[in-house]
Amino acid sequence: MKNRNPLSKLTLLFAVLLTLGAARSQADILPGVSVTFAPVGLTRDQTARLNLLNIGVPNGMLVSWRFIDATGLTLAQSVVTLPLGKIVSVDYRRNGNPLPPNTDPPEQIRAEVRAQVDIVNPGVPSESLRRSLELFNNDTGATTVCMGGGAP
């Protein structure tokens, strides 16, 4: 049986610990919780509004939000700090330009969008964030769709 050099054992142990440390550091960068709403149809005269409320993190909660179209293209996005107990709302309103002459009207009149929210703070459960997505008519203010908003 061959005896291994103590230096090679120490080097192997160091390499394993370094690998584990790098994996842990990378895991801390990723958002802890990601919430995605179901896609909804949005017409030219409607706005999608994402409502967010921090109900559990006293020092504030950092969230990243975005609106995404049916092809996966990000239409609007930002990062916001939610103070405890304060509602923050963000809107996405479609461009109201008239239809180009040679386009497929059904594709231009109605678009599918979905909202995604990532809690950036590590270790914060989704129950600490109340969220809802609503669609409303720009002219009347009438809400046509509302998702989420239930108690945790």
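Bear in mind these aren't lab numbers, they're just calculated from the coordinates by the rules spelled out. Fair warning: this is a prediction, and the values are worked out from it, not measured in the lab. Cβ coordinates were reconstructed from backbone atoms using ideal geometry, including for glycine residues, and neighbour counts include every protein chain displayed.
Please arrange 118, 139, 45 by counting, for each residue, the other beta carbons lying within 10 Å of its beta carbon, fewest first.
139, 45, 118
Ranked by how many other Cβ atoms sit within 10 Å of their own Cβ, fewest first, the residues 55, 119, 68 fall in the order 55, 68, 119.
For residue 45 and residue 79, what does the FRET efficiency come to when R0 = 25 Å and r is the distance between their Cβ atoms, rounded to the nearest 0.05?
Approximately 0.30, to the nearest 0.05.
Calculated on C-alpha atoms, the gyration radius of segment 32-148 divided by its Kirkwood radius gives an Rg/Rh of 1.03.
Modelled this way, with points 7 Å down the Cα-to-C-beta line, the labels at residue 95 and residue 64 are 2.5 nm from one another.
Relative contact order for segment 32-148: 42 percent, from Cα pairs under 8 Å spaced at least 6 residues apart, divided by residue count.
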